[in-house]
Amino acid sequence: MALLRELVAGMRDFLANAGAMSRFFARVLVISPSGFLRPRLIVDQVYNAGALSLAIIMTSGLFVGMVMGLQGHDLLARIGSEESLGIGAALTLLKELGPVVTALLFAGRAGTALASEIGLMRATDQLSAMEIMAVDPMRRVVLPRFLGGVISMPLLVAIFVAISIYGVQLIGVQYFGIDQGQFWSEMRSSVEIEDVREGLIKGFVFGVACSLIAVYEGYNADPTAEGVGRATTRTVVISAVSTLVLDYIVTAILL
Amino acid sequence: MRQSRAIDVSTGLFVLLGLVAIVFLVTQISNREFSLTETSFRLKAQYENIGGLKVGAPVKMAGVTIGRVEDISYDMKLLKAIVTMRIDKRYNEIPNDSDASIFTAGLLGGQYIGVSPGGSEEYFKDGDQFQFVQDAIVLENLISKYLFSQADKAAADKNSSAGASATAEPAPAPKE
Amino acid sequence: MNQASPAAGPGSGADTRNIAALHGVHYAVDDKVVFDGLDIEIRRGEVTAIMGPSGTGKTTLLRLITGQIRADAGSVIVDGLDVAKLPMRDLYALRRRMGMLFQNGALFTDIDVFENVAFPLREHARLPERLVRTLVLTKLHAVGLRGAAHLLPQQLSGGMARRVALARSIVMDPDILIYDEPFAGLDPISMGVVMRLIRSLNDALGISSIVVTHDVQEISHIADVSYILSEGRVMASGSPTELRDHPSPLVHQFIEGLADGPVPFHYPAPDYREQLLAQHEGA
């Protein structure tokens, strides 16, 4: 009985939260076009969300690719078609692993940074100070950060996938000795331009979701040190779950 | 001001890197090729059955990829599949009595066209057609052929031993 | 420019004595009543102090005046305009004529002192860089921190941060300056500096100042009028000397800073002796 009541309360909290976030999202969407009037602000945020995430994305991409090279080769060697390593790796990376892993890393690196930065601005009255100065913090603080994240994500996905494929190639060709030309041509013969598009669309969708969650949690953080900490934790958790759920939805639509 | 210049530069680098990565994915990973069209020539072949051959599949000679399948169509008059290949200009000395067979890479891999050279002194020119081809081996056909041959054998055995009539009722099927 | 602007049109001449007035304001958060019939008048050109024990909603009062929140009942009039009824655009126009100093300064941590002060100018006006520079340096000079223009907020002491924030809040030449606990956590020297600045800026720029504080001694040196809030109402008001001679014991306790009085030292609790004995028996 108590469990049931708790479940209902949890459900209600979830719905209230989802409702508030939808309204927030609608507001951000409405003012989105005006964000491009001040490209300087967006460039700064592309730097924060994208350029500063580059190191972690590239390192992770290389190792994910190398692991795929090892595992893929082991798997394919059992059925005697090692030369399919390129196809398998490229498709997996482009369609699934690239966008999802990049989104998770993005949530951990850029999302938490966004949430804590905005949360801290809330806690130290910087947002209120802007309101008093007749500057709308939604436009001045939230919007450029959101747009910066949305622009950065597909680029990060592309970089991640390209580097991963290099990593696969490193293991498959350099280490296991699969023929270089065969590796690439097999890959090319089976990967369609639509697969690249799918990866980039996913990157965009995850970018919208993760950036939105980060700025929302930061903007609505309790104005205390504890509240900011909680906001960053929630950012990572909600971003990760949303990414995986959205991944299913987008895949189902695109396939 | 100096600080924001540094931000501009690294942001620019990041965006550039992202775009290069996209271009790389589009041109190098997927089968959209821009360079091949200029430095290649076309060859055609007719098949009864191409099996699972797809546009973009490699054309190989002695295992080396020398081109790609550019187009696959069906000719209603000939009742055959017409496969158009683009062959890299570097391989412009292919004897014109070579044959083009459809093979499967590995047990379950994709299909490709394998060219085995003939002995002619003359070479293929742009637009030429292969005279000697071998269709794809379709696994289902192979299996059913084998099964029928087994069934026939079984039926023949039965007839000879028991003298029972071979009725319309199908033999109790292959016992493999 | 302010008086001529159309947004101020209907109201600017309406009340020449008061720049801001609150009448019968009620405000509650959930079930907790913060204000229950509050009446306050802020005169033009004066320094008005708002005092009261902690938790009497002083900061809430400021948020009502700046239109960040709306009263449940009653009216908040600023320069002749009813803040609660203003559309967003006009509210923002009104806010451009207000400056506010937050408790901890609320400086933007990612940009230096110069850019902090320049922020409102860059947001609201397309001015040539030379003019921005002149304006910013003038205001920084007024608070004595022209030399700190290149520092980042985290390199400043508490008092310096507050002075920079003050420079930022006057850079748009406001009509009203609002201070939220300007003395909290400052050493005596910084406190004296900020105190003198509040008074001198008020007189030199011809603006009206509202100071929310519980530093009774400091504010009595510079305030023209003080209000003491308690339990959602104005408990007493008048000049510092009038308040000192006020008959109410609560006012007396507050002004003199006594530990016990109408505001009890002890949070309501059952009888001390009984509670101790009960615990003893229980064990």
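Please treat every number below as a calculation from the coordinates, not as lab data. This structure is a prediction, so every number in the text was calculated from the model and none was measured. Please note: Cβ atoms are built from the backbone with ideal geometry, for glycine as well, and neighbour counts cover all protein chains shown.
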> At a Förster radius of 41 Å, what calculated FRET efficiency corresponds to the Cβ-Cβ distance of C:TYR272 and C:GLU231, to the nearest 0.05?
Replying inline: 0.95
> Ranking C:TYR267, C:TYR179, B:TYR47 by Cβ neighbours within 10 Å, fewest first, what do you get?
Replying inline: C:TYR267, B:TYR47, C:TYR179
> Under the definition of partner shielding as Cβ atoms of other protein chains within 10 Å of a residue Cβ, what is the mean value for peptide C:103-110?
Replying inline: 5
> Amide H neighbours of C:GLY74 under 5 Å, counting only residues 5+ apart in sequence or on other chains, H built in-plane at 1.01 Å?
Replying inline: C:HIS26
> For the Cα atoms of chain C, what angle does the longest principal axis make with the long axis of helix C:272-282, in degrees from 0 to 90, nearest 10?
Replying inline: 70
> Quick one: which of C:235-242, B:144-151 comes out on top by average Cβ neighbours within 10 Å, and what's the full order, highest first?
Replying inline: C:235-242, B:144-151
>> Give me, ordered by chain and number, the residues 5 or more places off B:ILE66 or on other chains with an amide H under 5 Å from its own placed amide H.
In response: B:VAL59, B:LYS60, B:MET61
> Residue by residue through region C:90-103, which ³J(HN,Hα) values in whole Hz follow from phi under the Karplus form 6.51 cos²θ - 1.76 cosθ + 1.60 (θ = phi - 60°), with glycine and proline marked x?
Replying inline: 6, 4, 5, 4, 5, 5, 5, 9, 10, x, 9, 9, 7, 3
> Over region B:40-139, what is the percentage of antiparallel beta bridges among all DSSP beta bridges, to the nearest 5?
Replying inline: 75
>> Can you classify region A:37-254 as rounded, prolate or oblate using the Cα gyration tensor, where a ≥ b ≥ c are the square roots of its eigenvalues, rounded means a/c under 1.5, and otherwise it's prolate if a/b beats b/c and oblate if not?
In response: prolate
>> Sort C:215-226, C:57-68 by the packing proxy (mean of other Cβ within 10 Å over each peptide's residues), most packed first.
In response: C:57-68, C:215-226
>> Give the residue list of chymotrypsin sites (Phe, Trp or Tyr not before Pro) in region C:220-277 that are DSSP loop and have at most 14 other beta-carbon atoms within 10 angstrom.
In response: C:PHE265
>> If you restrict to DSSP beta bridges whose two residues both lie in region C:161-263, what percentage is antiparallel, to the nearest 5?
In response: 50
>> Within a 10 angstrom radius of the beta carbon, how do C:GLU256, C:GLU181 rank from fewest other beta carbons to most?
In response: C:GLU256, C:GLU181
>> What whole-number distance in Å separates the alpha-carbon centres of region A:106-170 and region A:177-255?
In response: 14
> Packing-wise, with mean Cβ within 10 Å as the measure, how do A:237-245, A:164-172 rank, highest first?
Replying inline: A:164-172, A:237-245
> Of B:LEU19, B:LEU25, how do they rank once you tally other Cβ atoms within 10 Å and put the fewest first?
Replying inline: B:LEU19, B:LEU25
> Given +1 on the Cβ of Lys and Arg, -1 on the Cβ of Asp and Glu, and no further charges, what dipole in debye does chain C carry about its Cα centre, rounded to the nearest 20?
Replying inline: 1420
> Tell me, what ³J(HN,Hα) does each residue in region C:154-165 have, in order and in whole Hz, if you take phi through Karplus 6.51 cos²θ - 1.76 cosθ + 1.60 with θ = phi - 60° and put x for Gly and Pro?
Replying inline: 6, 8, 9, 6, x, x, 5, 4, 5, 5, 4, 4
>> Skipping prolines and chain starts, which residues have an amide H placed within reach, meaning under 5 Å, of the one on C:TYR227, given they are 5 or more residues away or on another chain?
In response: C:ALA49, C:ILE50, C:MET51
> Who wins for biggest fluctuation among C:ARG126, C:ARG244, C:ARG96 in a Gaussian network model of chain C, springs between alpha carbons below 10 Å?
Replying inline: C:ARG126
> Tell me, what HN-Hα J-couplings in whole Hz come from the Karplus equation 6.51 cos²θ - 1.76 cosθ + 1.60 at θ = phi - 60° for each residue of region C:71-78, using x for Gly and Pro?
Replying inline: 6, 6, 8, x, 10, 10, 10, 10
> GluC sites (Glu not before Pro) within region B:75-156: which are DSSP loop residues with at most 13 other Cβ atoms inside 10 Å?
Replying inline: B:GLU93, B:GLU121, B:GLU122
> For peptide B:51-62, how many partner chain Cβ atoms fall within 10 Å of a residue's Cβ, on average?
Replying inline: 2
>> Over chain C, with a Gaussian network built from C-alpha contacts below 10 Å, which listed residue (C:VAL117, C:VAL29, C:VAL263) shows the highest mean-square fluctuation?
In response: C:VAL29
> Considering every residue in C:117-124, what mean count of other chain Cβ atoms within 10 Å of its Cβ is obtained?
Replying inline: 3
> Too long at a 23 Å Cα-Cα cut-off: which of A:LYS95/B:LYS54; B:LYS77/B:LYS125; A:LYS95/B:LYS60?
Replying inline: B:LYS77/B:LYS125; A:LYS95/B:LYS60
> Separation of region C:127-165 and region A:1-45 by C-alpha centroid, Å?
Replying inline: 37
